[in-house]
Amino acid sequence: MSELVKLTAAELAAKIHAREVSAVEVAQAHLDRIAAVDDHVHAFLHVDTEGALGAAKAVDEKLAAGEQPASPLAGVPLALKDVLTTEGVPTTCGSRTLEGWIPPYDATVTRKLREAGVVILGKTNMDEFAMGSSTENSAFGPTHNPWDHARIPGGSGGGSSASIAAFEAALAIGTDTGGSIRQPGSVTGTVGVKPTYGGVSRYGLVAFSSSLDQAGPCARTVLDAALLHEVIAGYDVMDSTSIDAPVPPVVAAAREGANADLKGVRVGVVKEFGGDGYQPGVLRSFEAAVEQLRALGAEVVEVSCPHFTYALPAYYLIAPSEASSNLARFDAMRYGLRVADDGSHSAEEVMSLTREKGFGAEVKRRIMLGTYALSSGYYDAYYGSAQKVRTLITRDFTTAFEKVDVLVSPTTPTTAFKLGERVDDPMAMYLADLCTIPSNLAGNAAMSVPSGLSGDDGLPVGLQIMAPALADDRLYRVGAAYEAARDAAAGGPLVHQVPELGGTK
Amino acid sequence: MTAVAELMDYAEVIERFDPVLGLEVHVELNTKTKMFCGCANEFGGEPNTKTCPTCLGLPGSLPVVNGKAVEGAIRIGLSLNCEIAQWCRFARKNYFYPDMPKNFQTSQYDEPIAFDGYLDVTLDDGEVVRVEIERAHMEEDTGKSLHVGGATGRIHGAEHSLLDYNRAGVPLIEIVTKPITGTGARAPEVARAYVTALRDLLRAIGVSDVRMDQGSVRCDANISLMAKDAEEFGTRTETKNVNSLRSVERAVRYEMTRQAAILADGGSIRQETRHFQEADGTTAAGRAKETAEDYRYFPEPDLVPIAPSREWVEQLRATLPEMPWERRKRIQQEWKLSDEALRDLLNVGAVDLVAATVEAGATPDEARGWWVNTLAQEANAREVELAELPITPAQVAEVITLVTSGELTNKLAKEVVQGVLAGEGSPREVVEKRGLKVVSDDSALLAAVDEALAAQPDIADKIRGGKVAAAGAIVGAVMKATKGQADAKRVRELIIERVGS
């Protein structure tokens, strides 16, 4: 393995911009790494070798011509979740229904990455249409957790988090509808951030649940996440729900946090997230993390958010309702899979048979849930009630943030579970997002940062930090301070303890 | 093919039933761009050339509301005396159909931008009926399907279908009336008059091309009957494909006679969509729906709510142009028209045309004379709307000017108008081409006068002797010689002059 792949994005950028190493060499090192280990990890659905090397070459040429780098991340290789459109590069959302679809346009996130000179290596595996917590719902086979190939890498963005944990990419983009950036970050020992809803444009993000979906950075360090956050964030006229306000100063906050204590920062521990259903090893890691924050000078108090316990059921009405409508467009008429078009079936039959064949079980389950919840006569009881719960959860956050600057909890109740373990038990699978969902419903910012390995099974555990909407910088300040202290105490970044890959999957 | 429906005599329908109407009019706005994307909003064009990821509903694409369309919706609402919502949202109407790229229509549901208004409608005999407006809401149009093969041009029985998404995403305003009751025998006329008044209003405020023939105004007519002693509305049918003013009236009348026959026979009306058939004026059942469609409306999460500020609304209200009914009142005063004359003007749809002709320089009386008489007859003979005649108000004004200046006689002017209608060019061009000009050149006339006097010396003597009336014979001879193109009055003057000299 080339030492280049072990470097952080910030380190790689510094070397590339100083022309100590070329962006092409860096891209090639990562492509080689992908070739060497991705058979075991299966983080990628599509590797765009030509596009990556072309983008890297363009960065090198500009630097050689004496131009300033297009951004602090120019030349750094990145893995893009396959739910964001890429002009001329396949985008499948992990679904048979979009197999072979080549989008004619770039998502705004994709465009911003390209403009920043970030080198897109390829598209990462995910649960079909971002529905799941394990990537086992991908139509193209699951991704394996680099820490233990028999275990899940989290989901839906398991491919993105696994790719950086396996050193196949320095950075990745995920999308988080109920925890799909943070939970994979937690179980792979990496950093994952769900920005404030509206902070990053959703244009070109294939919608699962429009009012919840948010793209964000996946990285191995808090600073790297901040650098990526600044590249992709900002108002976009193409997305009516994007926020027309300056991007919070996340990079400055990350740099400041890494070199400072947390004196004067008030941290609230969410009382409702703990106890039954949480692995002892996860709770011990969380308690140690809270102790670390206190040692850094933070003022830690317990905060009750009584409605958070209703977040999961509310989410499973709102998200499927929106999904049932968002996924209606996959009907074989204009793009994607088309079956039974043999002259003997009507357009309606072709639609129906294609959807039957193209969607996996979980997607169908959610379309049915959502269709039911929106049906006349049930709307008020289900979708309507869920929206009220959403308001109550937002109020819980508002009340809590009057007392504290950030809230903390475990990111997910357990470490990575075994592939196949929860496939037949949707409820158990859904519980993986218990702690992450409230921030999607309320739209505030949240991060998962590694808090060490569980004493139970030696697998990574994540600390979730939550901040008010548009106060994303607080995540980075607290996250960076915690990360620096934890790494110093543990003798190095957690992700460096990932076992050497290459065994059988 | 379905059997020919039994129909009840119209007079009997009215004797036994009260009709209830509900009219839904879809108006395509004439904004530069579509409702939710930057594609051109233009009629026609090569199929699928005015499209982008958003109006094609491609995965990942998002809508952005066209501010001009919101403005148009508010202007329509204000013209219809509606309340304008302080805050409203779009909603998704979910159903599968290939001409709808997302398989949901971005529309408005329980939060329309305008609601609770009315439109006063004047019938042919001057009676005014107030039509209450339930709501006017914003939505997007669908693409167009072309069903190939099969007899009816409908999807049923077609071999395959072609889709053109140029129209997908065009801004639409749907205007829905409250149930219109108590109109009795005049229901069909009220329906037509309402759509006519709405069309005139939309044209006046300039928000739409209002071309029913191009589908920029489309009417769906909900019709039901209730027995004279009934307390509740009957089951209604919704007739679509009503694409002209005349069709609106015919469709309502037909449905009334069809439904009455069924009800009188002890049958019941099936709640269904029916299609108006222009050719024979009947309606045909659409595909039967086993269950009521459940559109699963919910607020559109891709768009933020719309909260038009009161300042903006008031500004739009203040800049509304004169409404057609206000204009009619003003015109009646300015042109000094009797109620009857105004009604004639309205009945032939000539108000705008006369006004434009006056604008181009004619007097109101002259302009009215041409449009209400000669041209209205012509339109009638051709079975077209007056405005569709191939002559412009400016051309009519030009003809009037030619008559006033003595270059044309009234008789010749009619010929010129025929020439214009026949596509021979402008009035002046027709005059040139057909050689219709009044001979006003005195030298040419003098030659003809001298010739006539020389040919009939006895009459010349009579005139010379003081019998001026005898000049008529010479005038006749000159007119004959000039093929009627001479100004008879001038000819007479020249004769007196010649004889006296």
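The values are calculated or read from the model by the stated rules, or taken from the named source; none is laboratory data. Note that this is a predicted model, so its numbers are computed, not measured. Because the Cβ atoms are built from the backbone with ideal geometry, glycine has one as well, and the counts that use them run over all protein chains shown.
Here are A:121, A:113: which of them is in a helix (DSSP H, G or I) and either of a type in the set (Gly, Ala, Ser) or in contact with a helix residue (DSSP H, G or I) (Cβ under 7 Å, 6 or more places away or on another chain) (or both)? Break it down into steps so the answer makes sense when it comes.
Working: A:121 fails: in a helix (DSSP H, G or I).
Among A:121, A:113, only A:113 is in a helix (DSSP H, G or I) and either of a type in the set (Gly, Ala, Ser) or in contact with a helix residue (DSSP H, G or I) (Cβ under 7 Å, 6 or more places away or on another chain) (or both).
Is it true that some residue in segment A:341-350 is at negative phi, in contact (Cβ under 8 Å) with a residue 12 or more places away in the chain and more than 12 Å from chain B (Cβ to nearest Cβ)?
First, pick out the residues of segment A:341-350 that are at negative phi: A:341-342, A:344-350.
Next, only the ones that are in contact (Cβ under 8 Å) with a residue 12 or more places away in the chain stay: A:347, A:350.
Adding the requirement that they be more than 12 Å from chain B (Cβ to nearest Cβ) leaves none.
Checked segment A:341-350: no residue is at negative phi, in contact (Cβ under 8 Å) with a residue 12 or more places away in the chain and more than 12 Å from chain B (Cβ to nearest Cβ).
Suppose we keep only residues that are within 12 Å of another protein chain (Cβ to nearest Cβ) and of a type in the set (Val, Ile, Thr) within segment A:351-399. Which one would you say is farthest from residue A:319 (Cα to Cα)?
Out of the qualifying residues, it is A:354.
Of the residues A:35, A:43, A:14, A:52, which is more than 24 Å from the chain's Cα centre (by Cα) and of a type in the set (Gly, Ala, Ser)?
Of the residues listed, the single one that is more than 24 Å from the chain's Cα centre (by Cα) and of a type in the set (Gly, Ala, Ser) is A:14.
Tell me yes or no: at least one residue of segment B:70-78 is free of Cβ contacts under 8 Å to residues at least 12 places away in the same chain, on the phi < 0 side of the Ramachandran plot and within 14 Å of chain A (Cβ to nearest Cβ). Step through it out loud before you land on a result.
Filtering segment B:70-78 for residues free of Cβ contacts under 8 Å to residues at least 12 places away in the same chain gives none.
The answer is no, given that none of the residues of segment B:70-78 is free of Cβ contacts under 8 Å to residues at least 12 places away in the same chain, on the phi < 0 side of the Ramachandran plot and within 14 Å of chain A (Cβ to nearest Cβ).
With segment A:136-248 as the region, which strands (runs of 3 or more DSSP E) entirely inside it contain at least 3 residues that are among the aliphatic types (A, V, I, L, M)?
Correct list: A:171-175.
Report, by residue number, each residue of segment A:227-260 that is at pLDDT below 95 and touching a Leu at 6+ places or on another chain (Cβ under 9 Å). First the steps, then the outcome.
Narrowing segment A:227-260 to residues at pLDDT below 95: A:259-260.
Result: A:260, single match.
Given (1) among the acidic types (Asp, Glu); (2) surrounded by fewer than 16 Cβ atoms within 10 Å (Cβ to Cβ); (3) at pLDDT 90 or above, identify the lone condition not met by residue B:326.
(3)
Among the numbered criteria (1) within 14 Å of chain A (Cβ to nearest Cβ); (2) out of contact with any helix residue (DSSP H, G or I) (no Cβ under 7 Å at 6 or more places or on another chain); (3) not in a loop (DSSP other than H, G, I, E, B), which single criterion is violated by residue B:116?
Looking at each condition in turn, residue B:116 falls short on (1).
Taking the criterion of being in a loop (DSSP other than H, G, I, E, B) and either touching a helix residue (DSSP H, G or I) at 6+ places or on another chain (Cβ under 9 Å) or over 27 Å from residue B:277 (Cβ atoms) (or both), would at least one residue in segment B:66-80 satisfy it?
Looking only at segment B:66-80, we keep the residues that are in a loop (DSSP other than H, G, I, E, B), and these are B:66, B:80.
With either touching a helix residue (DSSP H, G or I) at 6+ places or on another chain (Cβ under 9 Å) or over 27 Å from residue B:277 (Cβ atoms) (or both) added as a condition, the list becomes B:66, B:80.
Yes, segment B:66-80 has at least one match.
Within segment A:259-284, can you find the residues that are in contact with a strand residue (DSSP E or B) (Cβ under 6 Å, 6 or more places away or on another chain) and either in a helix (DSSP H, G or I) or among the β-branched types (Val, Ile, Thr) (or both)?
Kept after step one, since they are in contact with a strand residue (DSSP E or B) (Cβ under 6 Å, 6 or more places away or on another chain), are these residues of segment A:259-284: A:266-271, A:273, A:282.
Listed by number, the residues that qualify are A:267, A:269, A:270, A:282.
Of all residues being of a type in the set (D, E, K, R) and farther than 18 Å from residue A:387 by Cβ in segment A:206-227, which is surrounded by the most Cβ atoms within 10 Å (Cβ to Cβ)? Just the residue, please.
Just the residues of segment A:206-227 that are of a type in the set (D, E, K, R), to begin with: A:213, A:220, A:224.
Cutting the leftovers down to farther than 18 Å from residue A:387 by Cβ gives us A:220, A:224.
Numbers: A:220: 29, A:224: 26.
Among residues in segment A:206-227 that are of a type in the set (D, E, K, R) and farther than 18 Å from residue A:387 by Cβ, the one surrounded by the most Cβ atoms within 10 Å (Cβ to Cβ) is A:220.
Within the group A:287, A:256, A:322, which residue is in contact with a Lys or Arg (Cβ under 7 Å, 6 or more places away or on another chain) and part of a helix (DSSP H, G or I)? If you could, list the steps in order and put the result at the bottom.
Numbers: A:287 fails: in contact with a Lys or Arg (Cβ under 7 Å, 6 or more places away or on another chain); A:322 fails: in contact with a Lys or Arg (Cβ under 7 Å, 6 or more places away or on another chain).
Among A:287, A:256, A:322, only A:256 is in contact with a Lys or Arg (Cβ under 7 Å, 6 or more places away or on another chain) and part of a helix (DSSP H, G or I).
What helices (runs of 4 or more DSSP H) lie completely within segment A:395-505 and have 1 or more residues being at pLDDT 95 or above, of a type in the set (Phe, Trp, Tyr) and farther than 17 Å from residue A:153 by Cα?
Numbers: elements: A:426-430, A:437-442, A:472-490.
Per the criteria, A:472-490.
Residues of segment A:86-122 being surrounded by 24 or more Cβ atoms within 10 Å (Cβ to Cβ), under 24 Å from residue A:167 (Cα atoms) and within 13 Å of chain B (Cβ to nearest Cβ), which ones?
Selection gives A:86, A:91, A:92, A:93, A:94, A:109, A:110.
Return the pair list, or none, for Cβ contacts closer than 9 Å from residues in segment A:147-165 that are in contact (Cβ under 8 Å) with a residue 12 or more places away in the chain and of a type in the set (Asp, Glu) to residues that are in a strand (DSSP E or B) and surrounded by fewer than 24 Cβ atoms within 10 Å (Cβ to Cβ), at least 6 apart or on different chains.
A:148/A:418
Tally up the residues in segment A:325-343 that are hydroxyl-bearing (Ser, Thr, Tyr) and assigned to a loop (DSSP other than H, G, I, E, B), please. Even if it seems obvious, please write down each step before you answer.
Initial filter on segment A:325-343 (hydroxyl-bearing (Ser, Thr, Tyr)): A:325, A:335.
Keeping just the survivors that are assigned to a loop (DSSP other than H, G, I, E, B) gives A:335.
Result for segment A:325-343: 1.
If you scan segment A:351-390, which residues turn out to be surrounded by 20 or more Cβ atoms within 10 Å (Cβ to Cβ) and without any contact (Cβ under 8 Å) to a residue 40 or more places away in the chain?
The one that is surrounded by 20 or more Cβ atoms within 10 Å (Cβ to Cβ) and without any contact (Cβ under 8 Å) to a residue 40 or more places away in the chain: A:351.
In segment A:410-457, what residues are within 30 Å of residue A:471 (Cα to Cα) and charged (D, E, K, R)?
A:433
Can you list residue pairs whose Cβ atoms sit under 6 Å apart, with the first residue in segment A:196-214 being within 16 Å of residue A:247 (Cβ to Cβ) and the second being surrounded by fewer than 24 Cβ atoms within 10 Å (Cβ to Cβ) and polar (S, T, N, Q)? Count only pairs 6 or more apart in sequence or on different chains.
Between residues of segment A:196-214 that are within 16 Å of residue A:247 (Cβ to Cβ) and residues that are surrounded by fewer than 24 Cβ atoms within 10 Å (Cβ to Cβ) and polar (S, T, N, Q), the close pairs are A:198/A:241; A:198/A:242; A:201/A:242.
Only one of these is touching a helix residue (DSSP H, G or I) at 6+ places or on another chain (Cβ under 7 Å) and assigned to a helix (DSSP H, G or I): B:343, B:368, B:327, B:296. Name it. Let's see the steps before the verdict.
Details: B:343 fails: touching a helix residue (DSSP H, G or I) at 6+ places or on another chain (Cβ under 7 Å); B:327 fails: touching a helix residue (DSSP H, G or I) at 6+ places or on another chain (Cβ under 7 Å); B:296 fails: assigned to a helix (DSSP H, G or I).
Matching residue, one of B:343, B:368, B:327, B:296: B:368.
Mind checking which residues of segment A:290-310 are out of contact with any strand residue (DSSP E or B) (no Cβ under 7 Å at 6 or more places or on another chain) and in a helix (DSSP H, G or I)?
First, the residues of segment A:290-310 that are out of contact with any strand residue (DSSP E or B) (no Cβ under 7 Å at 6 or more places or on another chain): A:291-292, A:295-297, A:304, A:306-307, A:309-310.
Residues satisfying the conditions are A:291, A:292, A:295, A:306, A:307, A:309, A:310.
Could you tell me whether any residue of segment B:53-61 is part of a loop (DSSP other than H, G, I, E, B), within 14 Å of another protein chain (Cβ to nearest Cβ) and in contact with a Gly (Cβ under 6 Å, 6 or more places away or on another chain)? Explain how you work it out, then say what you get.
Initial filter on segment B:53-61 (part of a loop (DSSP other than H, G, I, E, B)): B:53-61.
Next cut, within 14 Å of another protein chain (Cβ to nearest Cβ) only: B:53-61.
Filter once more, keeping what is in contact with a Gly (Cβ under 6 Å, 6 or more places away or on another chain): B:55, B:60.
Yes, segment B:53-61 contains at least one residue that is part of a loop (DSSP other than H, G, I, E, B), within 14 Å of another protein chain (Cβ to nearest Cβ) and in contact with a Gly (Cβ under 6 Å, 6 or more places away or on another chain).
Would you confirm whether or not segment A:184-201 contains a residue that is more than 25 Å from residue A:463 (Cβ to Cβ), within 14 Å of another protein chain (Cβ to nearest Cβ), surrounded by 24 or more Cβ atoms within 10 Å (Cβ to Cβ) and more than 14 Å from the chain's Cα centre (by Cα)?
yes
Give the residue, chosen from B:63, B:47, B:59, that is without any contact (Cβ under 8 Å) to a residue 12 or more places away in the chain and either among the basic types (Lys, Arg) or farther than 30 Å from residue B:237 by Cβ (or both).
One residue alone meets the criteria, B:59.
Need at least 2 residues that are under 22 Å from residue B:370 (Cα atoms) per element, so show me which helices (runs of 4 or more DSSP H) inside segment B:390-501 make the cut, counting only ones lying wholly within it. Let's see the steps before the verdict.
Details: elements: B:393-404, B:410-421, B:427-434, B:442-455, B:457-464, B:471-481, B:488-500.
Output list reads B:393-404, B:410-421, B:427-434.
So that you can scan it fast, the table gives a plain yes or no per residue for (1) under 25 Å from residue A:469 (Cβ atoms); (2) surrounded by fewer than 21 Cβ atoms within 10 Å (Cβ to Cβ); (3) out of contact with any helix residue (DSSP H, G or I) (no Cβ under 7 Å at 6 or more places or on another chain); (4) within 14 Å of chain B (Cβ to nearest Cβ):
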residue	(1), (2), (3), (4)
A:254	yes, no, no, no
A:265	yes, no, no, no
A:272	yes, yes, no, no
A:278	no, yes, yes, no
A:282	no, no, yes, no
A:306	yes, yes, no, no
A:314	yes, no, no, no
